[in-house]
Amino acid sequence: MSLTPQLVVMVKRPNLGAVKTRLAKSIGSVAATGFYRRTSLNLLRHVADDPRWQTLIALAPDRAVHEHGVWPQSIPRIGQGPGDLGARMGRLMRDLPPGPVVIVGSDIPDIRREHIARAFAAFGNADAVFGPSEDGGYWLVGMKRRPRVVDVFDNVRWSGPHALEDTLHNVEQAGLKLAKLATLADIDTGEDYERWNGKA
């Protein structure tokens, strides 16, 4: 049985003051919201039309699934549902059709389709794959989901330097084989933004 690899891009409705709030403290809400919107759309342009996987947009809030004018209409959409980040990612891993799933955030400007291809290729030898970010979190998580779906997102300290460490502890406890990708930068602060802007 052929199982279609699924790439999920998690996005929020880009309302002023509702996205990149830490970054907004340094560069202002208008610039931070513009950054989020541009980065999200650039990511979708880079990865969504690749025939090696099916791309889905997971939206928050859920009602944004039915809104038009921001995200490409050609990409299927689903709601993220309630709860913290772990609850939402765990639900995606459980509820999507059979096949390997890779989830990425939408605000990492350096993600390219080569990263996604490497993540899916890692399932040849691994059950779970992570793309670490410089701040102790991760920009990508993927699960083979065979022979079973394991929830590795319980008791994770989100939005801090321990998110990856806590999740990898759960992976280890579940006895899953792990693969890691390159470390990329999440643009959360003014300093992050200036550093990225200098090399962009």
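Let's see how each residue does on (1) in a loop (DSSP other than H, G, I, E, B); (2) β-branched (Val, Ile, Thr); (3) under 16 Å from LEU44 (Cα atoms); (4) modelled with pLDDT under 95:
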| residue | (1), (2), (3), (4) |
| --- | --- |
| LEU56 | no, no, yes, no |
| TRP71 | yes, no, yes, yes |
| SER74 | yes, no, yes, yes |
| ILE78 | no, yes, yes, no |
| GLY86 | no, no, no, no |
| MET89 | no, no, no, no |
| MET93 | no, no, no, no |
| ILE103 | no, yes, yes, no |
| ASP107 | yes, no, yes, yes |
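For the range 161-200, the candidate set comprises residues that are of a type in the set (Gly, Ala, Ser) and over 16 Å from LEU140 (Cα atoms); within that set, the residue that is modelled with the lowest pLDDT is ALA200.
Restricting the range 164-200 to residues that are of a type in the set (Lys, Arg) and within 29 Å of LEU23 (Cβ to Cβ) leaves a set whose member that is nearest to the chain's Cα centre (by Cα) is LYS180. Sub-7 Å Cβ pairs linking a first residue in the range 10-25 that is under 20 Å from TYR138 (Cβ atoms) to a second residue that is charged (D, E, K, R), at least 6 apart or interchain, are VAL19/LYS12; LYS20/ASP107; ARG22/ASP188; LEU23/ASP188, ordered by first then second residue. Would you tally the residues in the range 108-157 being among the acidic types (Asp, Glu) and buried (at least 20 other Cβ atoms within 10 Å of the Cβ)? Counting residues in the range 108-157 that are among the acidic types (Asp, Glu) and buried (at least 20 other Cβ atoms within 10 Å of the Cβ) gives 1. Beta carbons closer than 8 Å, at least 6 apart along the sequence or on distinct chains, pair a first residue in the range 68-89 that is surrounded by 15 or more Cβ atoms within 10 Å (Cβ to Cβ) with a second that is of a type in the set (Gly, Ala, Ser) and part of a strand (DSSP E or B) for ARG77/ALA58; ILE78/ALA58; GLY79/ALA58; GLY79/ALA60; GLN80/ALA58; GLN80/ALA60; ARG88/ALA58; ARG88/ALA60.
Anything in the range 22-31 that is over 18 Å from ASP110 (Cβ atoms), under 21 Å from the mean Cα position of the chain (by Cα) and surrounded by 15 or more Cβ atoms within 10 Å (Cβ to Cβ)? List them, or say none.
Of everything in the range 22-31, just one residue is over 18 Å from ASP110 (Cβ atoms), under 21 Å from the mean Cα position of the chain (by Cα) and surrounded by 15 or more Cβ atoms within 10 Å (Cβ to Cβ), namely ALA24.
Residue count for the range 148-174 satisfying the condition of being out of contact with any Leu (no Cβ under 9 Å at 6 or more places or on another chain), at negative phi, outside any helix (DSSP H, G or I) and of a type outside the set (Val, Ile, Thr): 8.
Pick from VAL19, VAL8, VAL47: which is within 22 Å of GLY160 (Cα to Cα), surrounded by 19 or more Cβ atoms within 10 Å (Cβ to Cβ) and under 17 Å from the mean Cα position of the chain (by Cα)?
Selected residue: VAL19, the only one of VAL19, VAL8, VAL47 that is within 22 Å of GLY160 (Cα to Cα), surrounded by 19 or more Cβ atoms within 10 Å (Cβ to Cβ) and under 17 Å from the mean Cα position of the chain (by Cα).
The values are calculated or read from the model by the stated rules, or taken from the named source; none is laboratory data. The shown structure was predicted, so the numbers you read here are calculated from the model rather than taken from an experiment. Methodologically, a virtual Cβ is constructed for each residue, glycine included, from the backbone with ideal geometry; neighbour enumeration extends over all protein chains shown.
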